[in-house]
1. Please state which one of A:Leu143, A:Leu114 is among the aliphatic types (A, V, I, L, M), in contact with a Phe, Trp or Tyr (Cβ under 7 Å, 6 or more places away or on another chain) and closer than 21 Å to B:Asp473 by Cα.
2. Output the residue which, of all residues in segment A:466-488 that are of a type in the set (D, E, K, R) and surrounded by fewer than 24 Cβ atoms within 10 Å (Cβ to Cβ), is farthest from the other protein chains (Cβ to nearest Cβ).
3. Is it fair to say B:Gly219 is more than 14 Å from chain A (Cβ to nearest Cβ), part of a helix (DSSP H, G or I) and more than 27 Å from B:Ala70 (Cα to Cα)?
4. Output yes when any residue across segment B:343-353 is free of Cβ contacts under 8 Å to residues at least 24 places away in the same chain and closer than 17 Å to B:Ser289 by Cα, and no when none is.
5. Give me the pairs, please: first residue somewhere in segment B:489-503 and more than 7 Å from chain A (Cβ to nearest Cβ), second residue anywhere and of a type outside the set (D, E, K, R), beta-carbon distance under 7 Å, and either six or more positions apart or on two chains.
6. Tell me yes or no: at least one residue of segment B:67-79 is closer than 16 Å to B:Lys200 by Cβ and β-branched (Val, Ile, Thr).
7. Just name the residue that is nearest to B:Ala161 (Cα to Cα) out of those in segment B:182-216 that are charged (D, E, K, R) and in a helix (DSSP H, G or I).
8. Considering only segment B:342-443, give the strands (runs of 3 or more DSSP E) lying wholly within it that have at least 3 residues that are under 27 Å from B:Met462 (Cα atoms) and of a type outside the set (D, E, K, R).
Protein chains: 2
Amino acid sequence: MTGKNYIGFQQLAAGSMTFRTYDPVQDRPNDTLFTEATSDEIEQATFLAEKAFRSYRTTEGSKRAAFLRAIADEILALDEILIQTYMKESGLPQGRAIGERGRTVGQLRMFAELIGDDAWRKPTIDRADPSRTPVPKPDLRKLLIPLGPVVVFGASNFPLAYSTAGGDTASALAAGCPVIVKSHPMHAGTGELVASAVIKAAQAAGMPEGVFSNLNSSGIEVGKLLVMDPKVKAVGFTGSIGGGRALFDLAAQRDEPIPVFAEMGSVNPVIISRGAIKNRSGEIATTYSKSITLGTGQFCTNPGLLLTIDCEGLDEFIQDLGRKTVSVDAHSMLHPNIHSAFQQKGSEVLSQEGSVLVAEYDKPTQNNYAGARIATVSGEHFLRNTKLHQEVFGPFSLVVRCKDEAELVQVIQSLEGQLTGTILAEKEEYTNLAAVIDALQDRVGRIIFNGVPTGVEVCDAMTHGGPYPASTDSRFTAVGNHSILRWVRPFSYQDFPKELLPEVLKEAK
Amino acid sequence: MTGKNYIGFQQLAAGSMTFRTYDPVQDRPNDTLFTEATSDEIEQATFLAEKAFRSYRTTEGSKRAAFLRAIADEILALDEILIQTYMKESGLPQGRAIGERGRTVGQLRMFAELIGDDAWRKPTIDRADPSRTPVPKPDLRKLLIPLGPVVVFGASNFPLAYSTAGGDTASALAAGCPVIVKSHPMHAGTGELVASAVIKAAQAAGMPEGVFSNLNSSGIEVGKLLVMDPKVKAVGFTGSIGGGRALFDLAAQRDEPIPVFAEMGSVNPVIISRGAIKNRSGEIATTYSKSITLGTGQFCTNPGLLLTIDCEGLDEFIQDLGRKTVSVDAHSMLHPNIHSAFQQKGSEVLSQEGSVLVAEYDKPTQNNYAGARIATVSGEHFLRNTKLHQEVFGPFSLVVRCKDEAELVQVIQSLEGQLTGTILAEKEEYTNLAAVIDALQDRVGRIIFNGVPTGVEVCDAMTHGGPYPASTDSRFTAVGNHSILRWVRPFSYQDFPKELLPEVLKEAK
């Protein structure tokens, strides 16, 4: 590990601003000193990306697929050093590191599979009809083409799967777009290692220099310059609402506005029916105590809001959930800053009128370790105060007690956009769920039935996105094959000579 | 004609601001006095639209299809009054009125056909695998669902096909989104007539009140309030860069930003090769004199920029093109304001350094009639001065003489985003076109070979859109079946009970 930036194939570090990553478990900075990219280096990276785009966009799908597969192989070849660095920069356990690496490699191979043939580019052919009156019909052929250089902002909570060579990068490279990663400062070492794998794969696969760069930065300046660079044509981001919105605003204010797909905060409301409380209160408390604390609550699909209706057994359920949740061992959060935000946001929610603490982890913990908290509030208080709607990133969940179904629907309607909504209900209640489903559908990208929102399956039928602020454009997903559609545009060829058409459009010309 | 707004099914006009449309051929205002929508009426329209959305979005495709077909029938039933009003409010001839009505009706029926079954909603099914380790795979099913109420801004140059019940409205209604039209003030009467047809069809087809409203306005205030209304979820616009950008900026600044698809200006560069000049100079001059003056040059795909390379015969071609173009009879423009903008913008281009007038229509004309102008300039001057790049909306074209192919490529690269680019070249030149095609592809949404950009075929393989400012989001098209994708988002159902799934997703559950 050098602490340098990858500007195309070169490792450079001309800057004077440096930073270190932090080991939250050991509660001390890691060794490597990372150097922030300078404005010259940023310019050089976007210059190379634009140049690379000229040839990269026309590479055959099978060649880009080989490149993606080579990235996956190189990531695996990093072996122990990658897993160790990941753990030291995130405090996440080894099993998670290995699992997330598997997901990262799996996504790269999934996109390689997708672009093995050109069907994903939706070739569409409308043949000419010279005899049509009053005007002959021209021959029109359409294909999806890549937008241009894409800037990817890695996520703090997924150092591998949604960062350097994560879903955004894999889908953009698959589409034919060069990628410039603004490395996440909390795991810059993991980022550099993965970047080295991408660069190695690019060189071995004969990809043009500039197809990938990786820039260090601990503040907002590097990202700002990247998004404002006219050579950049799209942005992918995973992180906070504040960060994502700032980038969205910058991109919208450019002379040439560009699309920003930002996947941001979400409290992932879970509706628990009376029947579910009656029939499986204990089981739900067990399942949700695990979902709330999974990965120390640091998933974008963490269930931060449980919506209930007053009924017999509800008090017992809430107490049971509290007990079970706080009995889960505390674990380190990703970074001291994330830990202090967790404490502060949770306390803010608890200090609101009507908000009551149900249970709190109370064993002594190391620094940066987060013990879970469960709170409760009435539907009436919740409806009056949007401070209760905010995400507390970490092992925290707020149980809202609505007085009836009408108030429950109102509560759902009062929420901002969400990645997911979950319904726990019994078969005999299905026919009465129309209003709840209807309200929920307006607010989320995915509804889960009798399950948990955590665990985002990577497949074609997945929607990971949703109405703002779950994402900045609900028309796209950040997970699965269809996420490639964020980086392409339709392009039409009218009466084009066969010899000049892309191969896939030549058919029957 | 009443001059009133349609707020849902009601005709209202509580406001005090009024305006008239203008007959540019007779050079006098038309009779009907139109009343601008008040802020209360706007609020009422968006309230009804949001309410209508609740039921409209789940109507079966076949019912929405019947609604669209009924709109088409009702528009045809307006018969002579519609054609006469169209002509009096646009100065466009009867043939064009009838042709555009045919296109409008055709688009409505095309979308009706599309939504007859649910394939367009891309149902995607990933079945569960309970035996998968380490985690069982859930059942996931995905479908496109409508965004919500859409605001449509009609185009001055297409009173029927891109206005009240034009492409944006037809595609949004087809998608399941209620539509509020901000009627174009230049053809508010045509708009009211078409709106009456939509309302009649909605009532007959049993559609909910609020599925469609039509608001009058001669300024920017009504549009502004509509775009800022939190109940509005997307915007369609066809018109000037200034207008479209203003709406885009407003929408991006909302607490909840919403997508704006604005189709804006374009000069539609046409590259004419040396071989084409050598072999068919006269034919090209004839064809392009017609394309430049078609509809008095008032098409968004009007060829406003012809790019050539110095060669034998080029002077003669330019003179011939000038002669032929200015020999086409002058005709009325859409409105006195559009006529004066045409004169002023053309003169501005002609006053730039190096810009030379080739030919100008010089017969006496009525007020508001536009005679064509052809100008020429060197590639060097063009590259130095972006004032020469601007659109002169009307029968005007600027011939750029590049000194060589390298300068031609530079000129293409210097252009802003365009709807179309056209290449006129000979077979033996095809192998040398790579750099030109490559540069052009970066700048346009559609390339035409040996044809003219005017005439936008309505079909699946059409892309009408392109890099900014041709449109505000190059990932979508404004014409053809795929334009429906602007108004929908993917939605996933995880482990959903069969009885609660939408019909099309129930398969094999």
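1. On the way: A:Leu114 fails: closer than 21 Å to B:Asp473 by Cα.
Sole residue among the options that is among the aliphatic types (A, V, I, L, M), in contact with a Phe, Trp or Tyr (Cβ under 7 Å, 6 or more places away or on another chain) and closer than 21 Å to B:Asp473 by Cα: A:Leu143.
2. By that ranking, first place goes to A:Asp473.
3. Numbers: more than 14 Å from chain A (Cβ to nearest Cβ): yes; part of a helix (DSSP H, G or I): no; more than 27 Å from B:Ala70 (Cα to Cα): yes.
Criteria not met by B:Gly219.
4. No; the residues of segment B:343-353 include none that is free of Cβ contacts under 8 Å to residues at least 24 places away in the same chain and closer than 17 Å to B:Ser289 by Cα.
5. Within 7 Å, the pairs are B:Leu501/B:Tyr493; B:Pro502/B:Leu143.
6. In the first step, residues of segment B:67-79 are kept if they are closer than 16 Å to B:Lys200 by Cβ; the result is B:67-79.
Then drop every residue that is not β-branched (Val, Ile, Thr), which leaves B:71, B:75.
There is at least one residue in segment B:67-79 that is closer than 16 Å to B:Lys200 by Cβ and β-branched (Val, Ile, Thr).
7. Residue satisfying both the conditions and the ranking: B:Glu192.
8. Numbers: elements: B:356-360, B:373-378, B:396-402, B:418-424.
Fully inside segment B:342-443 and qualifying: B:396-402, B:418-424.
The values are calculated or read from the model by the stated rules, or taken from the named source; none is laboratory data. Quantities reported herein were computed from a predicted structural model and do not represent experimental measurements. Glycine also receives a Cβ, built like all others from the backbone with ideal geometry; neighbour counts cover every protein chain displayed.
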